[in-house]
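Before any comments, here is the structure.
Please treat every number below as a calculation from the coordinates, not as lab data. Remember, predicted model here, so these are calculated numbers, not experimental data. Don't worry about glycine lacking a Cβ; one is built from the backbone with ideal geometry, like all the others, and counts go over all protein chains shown.
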């Protein structure tokens, strides 16, 4: 190249479909654009972005992003790339000896969640309401003292300094929304915790078949000053993510679907070739709108913004 390439490092999670995203893209950049990709713990990315706005481009909580934009904050813009989705039926964890066997039983219980505003928690509370008839206000939520965003006044939340998994094992809470619990690394006979639902995958497959919702958790955001300096960046990033995803799907044995190899054929029946579509498709619009609806119901925002107003054109 005759001119030095623009250097830009994306911070994101370690995903099969973002491998190899680093590279040189010409686009409208003098000398081209040299993309890098740095893997970080996602919660660390979110907190650093919220508190210090320190990344030019990064993976980010979709729920937190909608709350910021609905509140008039425009220091970051998203593109419709959704690198992480997850069902939440299997996220409810309890003790092995607990009498909890159904999510309907969480009404009136003490339930731990790492951060009250995290996208997973918003989806989980919406799931409890829509699918199990459990009002999130009937639950006594227990969470960490250091929250990303202010807790809505309507919520019943107790903030603690201790570890939620320790609290659950000791009986201080009845259940928790858990993802990478330490207990799961123990040999099966030594584990003290289990999912509330005996077979979450069955519930998740039924939910998707009926609703078409594979919950979106994360999006890709660009800081405003970076976008102003490089207006072509949304399209370049979208193309880079789409190309990396296509390469992942072409690798033997890669499906990007949940539930593991045992459910490979069922996942293909439900999702087709690509369970993680990018762009503002009708399905993705519906999912983003549902999340914004839950944010309204749970008191985070007053009104849901238009989907088109949330995402930069690509």
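Express in nm, to one decimal, how much length is gained between residue 266 and residue 308 on full extension, taking 0.36 nm for each residue of separation and deducting their alpha carbon distance. Write down the numbers at each step before the final one.
Numbers: separation 42, 0.36 × 42 = 15.12 nm, distance 3.27 nm.
Gain in length upon complete extension: 11.9 nm.
On a 0 to 90° scale, report how tilted helix 200-211 is relative to the longest principal axis of the chain, with both axes built from alpha carbons and the result rounded to the nearest 10. It is inclined by approximately 60 degrees. Counting only the backbone N, which residues of the stretch 153-196 are under 20 Å from the spot 7 Å out from the Cα of residue 138 toward its beta-carbon? Under cut-off, by backbone N: 154-158, 173-177, 196. Here the chain carries DSSP beta bridges of which approximately 45% are antiparallel, counting only pairs with both residues inside. Between residue 129 and residue 74, the contour length at 0.36 nm per residue exceeds the alpha carbon distance by 16.7 nm. In this rough spin-label picture, where each label sits 7 Å from Cα along the Cβ direction, the residue 101-residue 51 distance is 4.4 nm.
Annotation for residue 202 and residue 4: the two label points, set 7 Å from Cα along the Cα-Cβ direction, are 6.2 nm apart.
Helix 282-297 and the longest principal axis of the Cα set of the chain meet at an angle near 50°. For the listed peptides 54-60, 263-269, 184-190, a ranking on the average number of other beta carbons within 10 Å per residue, highest first, reads 54-60, 263-269, 184-190. As a calculated quantity, the FRET efficiency between residue 232 and residue 283 at R0 = 30 Å, using C-beta atoms, amounts to about 0.65.
Apply the a/c threshold of 1.5 to the C-alpha gyration tensor of the stretch 89-211 and tell me whether it is rounded, prolate or oblate.
Numbers: a/c = 1.63, a/b = 1.05, b/c = 1.56.
Because a/c hits 1.5 or more and a/b fails to exceed b/c, the stretch 89-211 counts as oblate.
If you take the square roots of the eigenvalues of the alpha-carbon gyration tensor of the stretch 146-287 and sort them as a ≥ b ≥ c, do you get rounded (a/c under 1.5), prolate (a/b over b/c) or oblate? Taking the square roots of the gyration eigenvalues as a ≥ b ≥ c, the stretch 146-287 is oblate.
In what sequence, highest mean first, do 291-300, 206-215 appear when ranked by Cβ atoms within 10 angstrom?
Numbers: 291-300: 20.0, 206-215: 16.1.
Answer by packing, highest mean first, reads 291-300, 206-215.
Taking the longest Cα principal axis of the chain as reference, the axis of helix 42-52 is set at about 70 degrees. Compared with the direct C-alpha span, the chain from residue 225 to residue 211 gains 1.2 nm at full extension, assuming 0.36 nm per residue.
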